[in-house]
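**Student:** Structure incoming, see below.
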Amino acid sequence: MAKPMHEHTWRDIEVGSVVLEAGNAKEYKTGDWRTFHPVVDKEHCIKCAVCWMFCPDDAIYKTDEGYYVSDLEYCKGCGICANECTTKCITMVIEEEE
Amino acid sequence: MEKHNVFAAAMMPKFEGIASGHRACQGCAEVLAVRHTLKATGKKVVVANATGCMEIISSPLPTTSWEVPWIHTAFENAAAVASGMESGLKVLMRKGRIKESKVKAIGMGGDGGTADIGLQALSGAMERGHDMIYVCYDNEAYMNTGIQRSSDTPYGAWTTTSPPGKKSIGQVTWKKNVPEIMVAHGIPYVATACSSFLFDLEEKVKKAVATEGPSYIHVLSVCPTGWRIPAEKAISYGRLAVDTGFFPLYEVENGVYRMTYEPAVKLPVTEYLKGQGRFRHLTEKEISEIQRRTDEELEKLYLKVKMTNPQAMAAAAGLETGPCTTEHNKETCIRCRRCVKVCKDTVGVDALAMGEPEEGQKRGLPYMKDPDACIGCGTCNFVCPTDSIPMIEREGVRSIWCLDFPIRTCPQCARYYIPEKQVEWSVEKFGVDPKVFEVCPDCR
Amino acid sequence: MPERVGMEVSLAAAEAVKLCNVDTVSAYPITPQTHIVEHLSEIVADGELDADFVPVESEQTAMSVCMGAAAVGARTFTATAAQGLALMSEMLFIAANMRLPIVMTIVNRALSGPLSIWNDHSDIMAQRDCGWIQIFAENGQEVFDNIICAYRMAEDRRVLFPAIVNIDGFILSHVVEPHEIVDQETVDTFLPPYEPLHTMHPDKPLTMGAFGMPEIYAETKKAQDEALRDSLPVIQEVWDEWAKVTGRQYKRVETYKLDDAEQAFITMGSLGQTAELAVDELRNQGKKVGLIKIRLWRPFPTDDLRQVFSGLKRLLVVDRAYSFGALTGPVASEMEALLYDVDNRPEIFDFIAGIGGRDVPLGSFIEMFDVAERDSGTEHKQNFYTLEVRE
């Protein structure tokens, strides 16, 4: 995991400002961007993976049962999955105030 | 939906070349295209990216979203850096300094970084013949810097530097056709793609990876933020761009054009333009100009498809062509005469006949005696017990007995079902109501 | 006794590149660099050098291709001049920050406008701050030697900076001089294959060229600056080792007849050869004159220069470029800054000369000396002199 930007001293900078750890931007959770989140009606889900295919953020994962659900840490709530779902079983639901 | 089994999505490669946590806008179809490009290439790549959306959303020091080797240097030189990586890897492998393996160099840039400031570097790299792929992710403006126009911004579109006003309609020039420029460089593989058609995109990327030499893929990347559409409609609008003929999907392999997708029903451009905030200001006159020009460009493309078909090219050059692909197969024919009989007695067209037997043979071979009479119904192909009468259907044409018949596509199930000539014949000869043929028998 | 061969300096430069067994050469033609890249392309075409010669479509691309190749661990070379250097300017800064050890020869030529193909230092002076190691060569042998040394310096893990070797255009690049062409075995021993610290390869994916938010950018630039300064001792170390191998010793700052001198010229590049003759001539006239030659321009050899100035009363800087609207030419301004805090610092005279290929013969140096004597300590002294320009 990378040290936060503002904690780097000049000596911490890798030669050539190279980032050695591939994909370490995963630390940044984009889940708090959204207003709506997708909810899957498992009754009608046919596990076709079309939602997974169309997610720009790779924020849909396959559960042990084979359903595809959104990863709320990263889901930005764009609604593409709901729009593309083969059986229209995904609804975008407004985030509740906690 | 593309004509794929809907469950095929679950069989797509699992590799993720760009990790979650990137800062792309909600509904960004460009990063989706990048995600699938890397699924199709797999891990064995080195990527050079131009300055732009994909670079900024993915690489804030000291972090990166990239799971593949990735380098960014400047705006105009993605193709140049990619060609440098290709050169370095080639020589190092040749000298045995690194182990020999297939690592493909990929250059990635937006429409600005490709068609404008990057055109020189792209042209040079393609001309020099480096074994690399260049992918242009075209969101039709300089989106990263705030939606300024590029040469790939479509005619009439609002951008911050081509705003419509009292003295302007918006973008006043037609979209620069970069794929055509690439074809003119004579490179082995050029294709257009769109992130609403992900199977098509992945297949094209795979083809590019397998191509030895330069390939170019131009990907229409819907940008909800810049196009002023709701985020969830990103995929729908990509589909509309293709289904209206605005952005046709095709590939050019060694100069031969081929459509890779044809909409079952071609929609008018208004279906695409309406609902996009960037086109909201357009008048009827401007929209009809867009329709006219879109149709014209599509016609030019179809003409190229026809003219670069190898047999057509040979014919145009006055060359002897090889056997056509639907020539009757003399080797497997058992001379049963069913084809001739069914054409004459059952269908009533009588276009086939048996030829004279050769020496040592009891019967001759069937041949097309009356090409003008043939209606392309395919019954002869259906009854042949040895499958010696090949029939091919593609790009709206059925070919049989070396004859081509334009064929209808069912507007409901999108399958080919009846040649136009057969419809005409049925109507003329038997007075069948043409309405019967509007939909295929299964959907009727 | 190693054999010396007479050949055009450009060709000797190409021979040096060949001996370094570079992997990728990418270059765009521009006078007066052309002979170097032409000869290199012949060498590659004949299989004498196993490299990829990439005939690029502009200098921007030439540098970009070198950067791509260096990023995957290849040893790279390019050459350019004036307008070409200006066109690749954007990439120079980036290559230095990305620590890609590319070696480039600049065949110094005047920057347009007006267009000129002839020699001066305006092209390299405009890139003073780009972050590359910058070395000046005075004659053909120095060109040959320093190309080889530049690779060794650039690729050293304690350095990892790209390096420029400056060759005065036409005056040096196109003349025939004697060169000792060091043999391949010697070069191979002196210069082992490049082992990159970081490299682009799927076996270990990493990211190069991430962008810097304000929270971190300043740290990256300080890191870069400190690293460039830290390379000063390593550069000398490489030259010292070359001296052991060939007997030719290079130093960051070199001097000629400076020991008891009261006045000294300062030159960079081929002018040093004429300046030595001028020093001899003036010494014959009883003047106590010496010469200071700056071989390493960047990183600036502060300590070396401070040491050579003691005892000097007057410095005559020869600048081969303007710095438009500035107090003096570029080299003089750095000398003035260097000596500001020094007790008993010498009086500095700045002569802008040799502009756009204008010859600077021995007589010009004598004239500079006389003018300095005349104006020293008077109110007639100018910030800089342009003696060669017809009034």
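**Student:** Would you point out the residue of the range A:15-73, among those that are among the small types (Gly, Ala, Ser) and in contact (Cβ under 8 Å) with a residue 12 or more places away in the chain, that is farthest from the other protein chains (Cβ to nearest Cβ)? Spell out how you get there, then give the answer.
**Tutor:** Let us first name the residues in the range A:15-73 that are among the small types (Gly, Ala, Ser), namely A:16-17, A:22-23, A:25, A:31, A:49, A:59, A:66, A:70.
From what is left, the residues that are in contact (Cβ under 8 Å) with a residue 12 or more places away in the chain are A:31, A:49, A:59, A:66, A:70.
On the way: A:Gly31: 9, A:Ala49: 4, A:Ala59: 6, A:Gly66: 9, A:Ser70: 11 Å.
If we take residues in the range A:15-73 being among the small types (Gly, Ala, Ser) and in contact (Cβ under 8 Å) with a residue 12 or more places away in the chain, then A:Ser70 is farthest from the other protein chains (Cβ to nearest Cβ).
**Student:** So for the range B:41-52 (the condition being crowded, with 22+ Cβ neighbours inside 10 Å, more than 9 Å from chain C (Cβ to nearest Cβ), in a helix (DSSP H, G or I) and in contact with a helix residue (DSSP H, G or I) (Cβ under 6 Å, 6 or more places away or on another chain)), does at least one residue qualify?
**Tutor:** yes
Conditions tested, residue by residue: (1) at the interface with chain B (Cβ under 10 Å from one of its Cβ atoms); (2) surrounded by fewer than 22 Cβ atoms within 10 Å (Cβ to Cβ).
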position	(1), (2)
C:Val9	no, no
C:Ser26	yes, no
C:His39	no, yes
C:Gly47	no, yes
C:Arg75	yes, no
C:Ser89	no, yes
C:Ile102	no, no
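**Student:** Considering only residues that are in contact with a Gly (Cβ under 6 Å, 6 or more places away or on another chain) and surrounded by 21 or more Cβ atoms within 10 Å (Cβ to Cβ), which ones fall in the range C:112-159?
**Tutor:** Selection gives C:Asn119, C:Asp120, C:Phe136, C:Glu138.
**Student:** How many residues are part of a helix (DSSP H, G or I) and polar (S, T, N, Q) if we restrict to the range C:363-383?
**Tutor:** Number of matching residues: 1.
**Student:** Mind listing just one residue for me: the one in the range B:61-115 that is closer than 16 Å to C:Ser58 by Cβ and surrounded by fewer than 24 Cβ atoms within 10 Å (Cβ to Cβ) and, of those, farthest from the other protein chains (Cβ to nearest Cβ)?
**Tutor:** Only one residue fits best here, namely B:Phe75.
**Student:** Only residues in the range B:10-27 that are at the interface with chain A (Cβ under 7 Å from one of its Cβ atoms) count as the first member; pair them with residues that are of a type in the set (Phe, Trp, Tyr) and outside any loop (DSSP other than H, G, I, E, B), Cβ under 7 angstrom, at least 6 apart or cross-chain, and list the lot.
**Tutor:** Qualifying pairs under 7 Å: B:Gln26/A:Trp33.
**Student:** Can you name every one of the strands (runs of 3 or more DSSP E) wholly within the range B:342-444 that holds 1 or more residues which are basic (Lys, Arg), within 35 Å of the chain's Cα centre (by Cα) and surrounded by 13 or more Cβ atoms within 10 Å (Cβ to Cβ)?
**Tutor:** B:397-400, B:403-409
**Student:** Give the residues of the range C:49-79 that are acidic (Asp, Glu) and either not assigned by TED's automatic domain parsing to the domain that holds C:Pro162 or not in a helix (DSSP H, G or I) (or both), sorted by residue number.
**Tutor:** Those that are acidic (Asp, Glu) and either not assigned by TED's automatic domain parsing to the domain that holds C:Pro162 or not in a helix (DSSP H, G or I) (or both): C:Asp50, C:Asp52, C:Glu57.
**Student:** Follow-up question, since we're still on this one. Could you list, in sequence order, the residues of the range A:56-85 that are farther than 16 Å from B:Ile18 by Cβ, part of a loop (DSSP other than H, G, I, E, B) and among the aromatic types (Phe, Trp, Tyr)?
**Tutor:** A:Tyr67
**Student:** Same structure again: What's the number of the only condition in (1) more than 25 Å from B:Ala48 (Cβ to Cβ); (2) over 23 Å from the mean Cα position of the chain (by Cα); (3) modelled with pLDDT of 95 or more that C:Arg4 fails to meet?
**Tutor:** For C:Arg4, the failing item is (3).
**Student:** Check B:Gly21 against each of (1) part of a loop (DSSP other than H, G, I, E, B); (2) under 28 Å from the mean Cα position of the chain (by Cα) and name the one condition it does not meet.
**Tutor:** So the condition that B:Gly21 fails would be (2).
**Student:** Oh, and also: Out of all the residues in the range B:116-132, is one or more under 18 Å from B:Ala241 (Cβ atoms), in contact (Cβ under 8 Å) with a residue 40 or more places away in the chain, buried (at least 24 other Cβ atoms within 10 Å of the Cβ) and in contact with a strand residue (DSSP E or B) (Cβ under 7 Å, 6 or more places away or on another chain)?
**Tutor:** no
The values are calculated or read from the model by the stated rules, or taken from the named source; none is laboratory data. Keep in mind that what you see is a predicted model, and the values were worked out from it rather than measured. Using ideal geometry, Cβ is built from the backbone for each residue, glycine included, and neighbour counts are taken over all protein chains shown.
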